[in-house]
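The numbers here are math on the coordinates, done by the rules we state, and not lab data. Model, not experiment: these values are computed from the prediction. Backbone-built Cβ (ideal geometry, glycine too); neighbour counts: all protein chains shown.
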Amino acid sequence: MILFRQKYPKWLFDWNLALSRFNVRVLAYLLLVQDEYPSTDEEQSVHLDFPHPDVQNDLNRWMPLVKWFLAFPHYVVWTLLAIGAFIAVIIAWFSILFTGRMPRGLFDYVVGVMRYGIRIELYAFMLTTDKYPRFSISE
């Protein structure tokens, strides 16, 4: 649609947003960032929002053909960071087991890796932005 008609259908955007919100809620629960069991329809304490793109003004119609390829360095970096996040979650699990709390540094790292992955997804797969993602786990 972006390539041929220069449109991003509202129904597709709404679907992607709702699915992303649910995926983030489930991931936050699995990575011990949130204790509340993920709801299928309520937003809960994990919030995700991104604007509907103005395709004609904000997006290059030819970029969807190459964005997935341009994001390849991000896939490599994110994979390494995700391995580190998995190790951090294991350490956090033991910390939560013995102290009842997740260390703030581990929490910030895991949330940062989640945000980084979302930025890659918005750029390469959901095609909502042409802004190349930063190589950073900070906001």
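For P(r) over Cα pairs in 10 Å bins from 0, in percent, computed directly from the structure shown, the correct entry in (1) 12, 45, 34, 8, 0; (2) 11, 34, 27, 15, 7, 4, 1, 0; (3) 11, 36, 33, 16, 4, 1 is (3). Compute the acute angle (0 to 90°) between the alpha-carbon long axis of helix 104-124 and the principal axis of greatest extent of the alpha-carbon atoms of the chain; round to the nearest 10°. It works out to around 20 degrees.
Treating only the Cβ atoms of Lys and Arg (+1) and Asp and Glu (-1) as charged, compute the dipole magnitude of the chain about its Cα centre; round to the nearest 20 debye.
Numbers: 13 positive and 13 negative charges, 94 e Å.
For this selection, approximately 460 debye.
The relative contact order of the chain, computed from alpha carbon pairs under 8 Å that lie at least 6 residues apart in sequence, is 25 percent. Solvent-free Debye calculation, one equal scatterer per alpha-carbon of segment 76-123: log10 I(q)/I(0) at 0.19, 0.25 Å⁻¹ equals -0.59, -0.85.
The ranking of 39, 138, 95 by Cβ neighbour count inside 10 Å, starting from the fewest, reads 138, 39, 95.
For segment 78-95, backbone phi angles converted through the Karplus equation (6.51, -1.76, 1.60; θ = phi - 60°) give residue-by-residue couplings of 5, 4, 5, 5, 5, 4, x, 5, 4, 5, 4, 5, 5, 5, 5, 4, 5, 4 Hz, Gly and Pro being listed as x.
For the chain, what is the mean residue ellipticity at 222 nm derived from helices alone (per DSSP H run of n ≥ 4: -39500 (n - 2.57); sum divided by total residues; nearest 500 deg cm²/dmol)? Mind showing how you got there, number by number?
Working: 6 runs with 82 residues, N = 139.
Only helices count here, giving -19000 deg cm²/dmol.
Computed from phi, the 3J(HN,Hα) profile of segment 24-41 under the Karplus parametrisation 6.51, -1.76, 1.60 (θ = phi - 60°) reads 5, 4, 5, 5, 4, 5, 5, 8, 6, 7, 9, 8, 6, 4, x, 8, 7, 9 Hz, with x in place of Gly and Pro. The trypsin sites (Lys or Arg not before Pro) of segment 90-139 that meet both conditions, a loop assignment by DSSP and at most 12 other Cβ atoms within 10 Å of the site Cβ, are 101, 131, 134. Residues 114, 63, arranged from fewest to most other Cβ atoms within 10 angstrom of their Cβ, appear as 63, 114. Between residue 115 and residue 82, the modelled labels are 2.0 nm apart [label points 7 Å from Cα along Cα→Cβ].
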